[in-house]
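Taking it in order: structure first as structure tokens, then the write-up.
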Amino acid sequence: MSPRHDRELAAEVDALRGDLAAIRGDLAALAGTLGEVAPEKATALIGRIGDAAKQASDEVARIAGDAARQVAESAEARGRAGLQAVEKSISERPLTSVAIAFAAGLILSRLLDRSA
């Protein structure tokens, strides 16, 4: 996933958060004027606003889920590419790989012996 795509997703999520904040403000304003509106109309209006808030919330959750899925897929692809590069390097130079592994083990054993 590219940094540009990350920024676009973040912008969309921020816009939806702004929309949710506006809806909350509208609900607060509505609560202030409920005494002036007939109770059945107020109930219907609150229901519609609640539905709109739920839709906006669902949309934010969907976008966040999509972004998380894309990040996970990108990380998985990078991990596979790294593993393939290591496997290729080992198959091209097996003796060098064994020597490096031996040296790393020797260094770790010396370090662990000193700390004990």
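Here is how the numbers come out for the structure above:
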{"read-out": "Residue within segment 47-63 that is more than 30 Å from E12 (Cβ to Cβ) and either under 37 Å from the mean Cα position of the chain (by Cα) or not aliphatic (A, V, I, L, M) (or both) present", "value": "no"}
{"read-out": "Condition met for L20 (in contact with a Ser or Thr (Cβ under 9 Å, 6 or more places away or on another chain) and surrounded by 10 or more Cβ atoms within 10 Å (Cβ to Cβ))", "value": "yes"}
{"read-out": "Every pair of residues 6+ apart whose Cβ atoms lie under 6 Å, when the first sits in segment 42-69 and is under 12 Å from L16 (Cβ atoms) and touching a residue at least 24 places away in the same chain (Cβ under 8 Å) while the second is β-branched (V, I, T) and surrounded by 15 or more Cβ atoms within 10 Å (Cβ to Cβ)", "value": "A53/I23; I63/V13"}
{"read-out": "Meets criteria (within 30 Å of A10 (Cβ to Cβ) and either touching a residue at least 40 places away in the same chain (Cβ under 8 Å) or aliphatic (A, V, I, L, M) (or both)) for A31", "value": "no"}
{"read-out": "Test: residue in segment 71-92 that is under 30 Å from A22 (Cα atoms), in a helix (DSSP H, G or I) and modelled with pLDDT under 90", "value": "yes"}
{"read-out": "Those residues of segment 1-17 which are surrounded by 14 or more Cβ atoms within 10 Å (Cβ to Cβ) and of a type in the set (D, E), in sequence order", "value": "D6, E12"}
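The values are calculated or read from the model by the stated rules, or taken from the named source; none is laboratory data. Given the structure is predicted, the values throughout are model-derived calculations rather than measurements. Using ideal geometry, Cβ is built from the backbone for each residue, glycine included, and neighbour counts are taken over all protein chains shown.
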